[in-house]
Amino acid sequence: MDSYGKRFGDYLNSVKKMARNSVNAYVRDLSEFEDYARRRGVVDLKDTTESDTAAWLMELKSGNRSSATIGRKLASVRAFYKYLNHQGVISTNPSVDIKTPKVVRKEVEYLSIGEIEKLLAQPDDSPKGVRDRAILEVLYATGMRVTELIEMDNDDINMRMGFVTMHGSHGKARIIPLGRPARVALEEYIYEGRAKLLRGKRVKEKALFLNYYGERITRQALWKIMRSYAEQAGLNKKLTPQMLRNSFAVHMIQNGADLKTLQELLGHEDIAATQIYLTVSKNKIKAVYDRAHPRA
């Protein structure tokens with residue numbers, strides 16, 4: 001599958017303009033499908049049938065894979081055969097008529113405004129605390145992804161205008177405003193905390209958020225930081241960066257933000273991904289109605 005995988009990945013990257021992580025996921029799914037097809041005696045993926053794909057999905061289901069995972073893997077295989085069809089290698093797509101499993105969406109996990117306030121009050125005034133306060137404030141103020149925060153450089157912040165530039169895949173970028181608390185926390189970190197974390201070394205380090213070694217902070221470290229402060233604040237939740245992103249989105253919706261603006265701020269290519277936050281607001285309205293109306 002090496003030749004198929006590479007060519008398929010190049011196609012997704014250059015023609016479909018997919019993000020690197022998405023391309024890697026599609027190629028991994030295809031490799032997994034090929035391993036299964038070979039166990040069924042298929043030598044070349046162009047010779048698979050609809051029953052091969054259906055049997056693979058049944059195996060995934062029996063292995064307790066989630067509907068979302070199975071659906072994504074089916075999408076990867078469909079895209080591959082669509083690519084082969086586009087290249088003239090096959091005339092029909094053997095996966096096109098297979099039904100995508102229905103996905104049961106998980107409930108959106110987020111913090112209340114009160115919980116956010118408790119969380120943001122936890123970091124102390126040490127260099128680490130100053131950094132952590134800036135991280136938490138920026139995550140909540142912008143709703144950015146954890147990868148975006150980790151990859152932020154000094155040049156991505158415009159303190160005078162009060163915004164941050166997020167660099168997406170294939171040159172795509174979006175500009176997100178920073179609220180006053182986030183700007184204050186960032187200023188304190190940039191002009192005081194960050195210099196102490198550098199400790200006179202790596203003065204040319206361009207990463208915005210640093211660890212004790214003066215290097216770019218890692219995803220694993222960020223998760224530990226957040227869970228530590230959540231425990232310290234008594235939140236009783238396993239806090240993740242995604243929960244802060246969800247909190248940003250839910251609170252924006254609850255305070256009147258329109259869906260299109262929220263989509264742009266979150267960097268969603270498909271507005272359907274943004275619409276999940278509407279259900280939270282609707283559920284809250286229903287709960288208030290059921291509790292308050294005498295004939296609910």
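Readers should treat all values here as calculations from the given coordinates under stated rules, not as data from a laboratory. Because the structure is predicted, anything quoted here is derived from the model rather than measured. Every residue, glycine among them, receives a Cβ derived from its backbone with ideal geometry; neighbour counts consider all protein chains shown.
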Computed log₁₀ I(q)/I(0) - Debye formula, equal Cα scatterers, no solvent, segment 113-232, q 0.23 Å⁻¹ = -1.54
Most fluctuating residue given options GLN275, GLN220, GLN254, as computed from a GNM of the chain linking Cα atoms under 10 Å | GLN220
Trypsin sites (Lys or Arg not before Pro) within segment 113-163, DSSP loop, no more than 13 other Cβ atoms inside 10 Å | ARG160
Loop-located GluC sites (Glu not before Pro) in segment 96-155, at most 11 other Cβ atoms within 10 Å (DSSP) | GLU107
Of LYS61/LYS102; LYS6/LYS99; LYS17/LYS260; LYS172/LYS224; LYS16/LYS172; LYS73/LYS260, which sit over 18 Å apart, Cα to Cα?
-> LYS6/LYS99; LYS17/LYS260; LYS172/LYS224; LYS73/LYS260
Give the label of the value calculated from the structure for mean projected area of the Cα convex hull in nm², choosing from [x] 20.3; [y] 24.4; [z] 27.2.
-> [x]
Nearest 20 debye, what's the magnitude of the dipole of the chain about its Cα centre given +1 on Lys and Arg Cβ and -1 on Asp and Glu Cβ?
-> 240
Measuring from centroid to centroid over Cα atoms, what is the spacing of segment 202-276 and segment 48-122 in Å?
-> 24
Placing +1 on each Lys and Arg Cβ and -1 on each Asp and Glu Cβ in the chain, then taking the dipole about the Cα centre, the residue among TRP223, ALA207, ALA195 whose Cα reaches farthest towards the positive end is TRP223
Along the charge dipole of the chain, which of THR100, ALA37, ASN236 sits closest to the positive end, that is, farthest toward it, with unit charges on the beta carbon of Lys, Arg, Asp and Glu (+1, +1, -1, -1)?
-> ASN236
Given the options ALA134, ALA55, ALA249, state which has the largest fluctuation in a GNM of the chain using a 10 Å cut-off (strictly under) for Cα springs.
-> ALA55
Computed magnitude of the charge dipole of segment 2-86 (debye, nearest 20; Cβ of K, R +1, Cβ of D, E -1) = 360
Stretch in the chain that is longest and holds no chymotrypsin sites (Phe, Trp or Tyr not before Pro) that DSSP places in a loop and that have at most 14 other beta carbons within 10 Å | 1-211
Among ALA79, ALA207, ALA141, whose mean-square fluctuation peaks in a Gaussian network model of the chain (Cα, cutoff 10 Å)?
-> ALA79
So for the chain, taking the charge dipole from beta-carbon charges (+1 Lys/Arg, -1 Asp/Glu), which of ASN21, THR279, LEU186 sits furthest toward the positive end?
-> THR279
